[in-house]
Amino acid sequence: MLWTVLLALLVLLLLQTQLSVCLRDLRTRGSISPLHSPPPSSSSPSSSSSSSYNATQQRLPGAIIIGVRKGGTRALLEMLNLHPDVEVAKAEVHYFNVEEHYHQGLAWYQAQMPFTLPGQLTVEKTPGYFASPQVPARVWDMNPAVRLLLIVRDPAERLVSDYTQVLHNRLTQHKPYQPLEELLLHKGHINHGYKALQRSLYHLHLARWLEVFPREQIHVVDGDALIRDPFPELRKAERFLDLPPRINPSNFYFNITKGFYCLLSAGHDKCLDESKGRQHAPLSTQALQKLCRYFRKPNKHFFEMVGRSFSWC
């Protein structure tokens, strides 16, 4: 009996040794599962900088939020990101409107994009694109089929919000600043050279985009409506982007403390940063009335271009 047990142990040891040799030989020839192999290297974003295991890669955007500045672009981006088929660039890229970036080429631009799965939509937003004359043709050269989202709000409110952001930055940096009314008015009349005013002349900027892109490729989002009730505007954006309806009213809740809607997804809530809802810089009633009168004609031109009107001053 003892000899039988010893013989069996000897056979087991021989089998174990042979198995170890076979496994070592398989590893040497690279025949084991790829899950244990090092990931393939990539030399450029165009080769996807991606892992073959989950098929993700950085793709050029299929949709771009082109503006307007202080119109609600960040809110729109974060809300679109609720959709499972959407991945967004987290930071403003400023590729098409900053020469230093643009001259680095599409490979650099693509490298700023998030990793996505096949079938997911990459969305980038840079509000500075809308008012930059050189941008429409550059975007067309990148992708003539790209979908463009333009979010607008009352141009007078947008101007004041624009100034308020600049004011906040200058105060934070302990830099001097001019009161809004001094910048807006010159000898009692509207100062046409004020940059914040020029950014609110939506019809002038849209005209440049329509010289390049067909109207149906540009979707206009009502920024004021997005703040009051986000869901209807998001449903329209889903349809424009050919996305299945996945964003629901339950994805939004009104935060009484902040005074605007926050986002809710998979049990986690997210509110936009503290700059949203910041109290506007003061502007006298008389100056605001002059500003509203000034915008009446430009607004009418814009309404005619987009085929709809808005409740602006």
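Throughout, read-outs are computed from the coordinates displayed, never taken from laboratory work. No experiment lies behind these values; they were computed from the predicted model shown. Every residue, glycine among them, receives a Cβ derived from its backbone with ideal geometry; neighbour counts consider all protein chains shown.
Odds and ends about this structure:
- Peptides 191-200, 249-258 ranked from most to least packed give 191-200, 249-258, packing being the mean of other C-beta atoms within 10 angstrom over each peptide's residues.
- Prolate/oblate/rounded label for the range 56-306 (Cα gyration tensor, a/c 1.5): prolate
- The HN-Hα couplings worked out from phi for the range 245-257 by the Karplus form 6.51 cos²θ - 1.76 cosθ + 1.60 (θ = phi - 60°) are x, 10, 8, 10, x, 5, 7, 10, 9, 7, 8, 4, 5 Hz, whole numbers, x standing for Gly and Pro.
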